[in-house]
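Only the coordinates and a few stated rules stand behind these numbers; no lab work does. Computed from a prediction, not measured in an experiment: that's the story for all the values here. As a convention, Cβ positions derive from the backbone with ideal geometry for all residues, glycine included, and neighbour counts pool all protein chains shown.
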């Protein structure tokens, strides 16, 4: 029996990142939930609601002998666009506030993604959605623009990665 986590053994890892307790920051997990409820997930894909725990997964992947060919990160970011707009960003363009969110003993997840991409031949794709607002206090639930964007992002993911 293979003892590696399933995300190490699949061809594609699709990770929904974010904290569902802080408004629009929960976009990634909401997209994963929508995909699970409305699509048949192909066998070669590991679909994971990673919440705020992506660091541990990336660290494991960095050290693993087996890893996906592609990692897709779904997250909400503030890049000054129209709220609810979906787009792709490069690792170099991850907003500063997100780099801080992804710290693991001062090793940002963005660094782990770069290492996976540059040294482990893993393709990294970051699918983002422009936030309307992320509150400073606990306020679950997406804003209207991001609620509408969940279905659109799910369709984009399915069109691109579900064969």
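Values computed for the structure shown
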| quantity | calculated |
| --- | --- |
| 0 to 90° range, to nearest 10: angle between helix 109-119 axis and the chain longest Cα axis | 40 degrees |
| Backbone N under 16 Å from the residue 162 label point (7 Å along Cα→Cβ), restricted to segment 3-35 | 12-16, 30-35 |
| Simple spin-label estimate for residue 121 and residue 39 in nanometres, 7 Å along Cα-Cβ | 2.6 nm |
| Efficiency of FRET between residue 92 and residue 152 - r from beta-carbon atoms, R0 30 angstrom, step 0.05 | 0.75 |
| Percent RCO, i.e. relative contact order, over the chain, from Cα pairs under 8 Å lying at least 6 residues apart | 32 percent |
| In degrees, nearest ten, helix 144-161 long axis to first principal axis of the chain (Cα) | 30 degrees |
| For segment 6-161, convex hull volume per residue from C-alpha positions, Å³ | 102 Å³ |
| Max mean-square fluctuation residue, GNM over the chain, Cα-Cα springs under 10 Å, options 118, 75, 49 | 118 |
| Degrees, to the nearest 10: 27-38 long Cα axis against longest axis of the chain | 70 degrees |
| Extension gain (nm, one decimal) between residue 60 and residue 79, 0.36 nm per residue minus Cα-Cα | 3.9 nm |
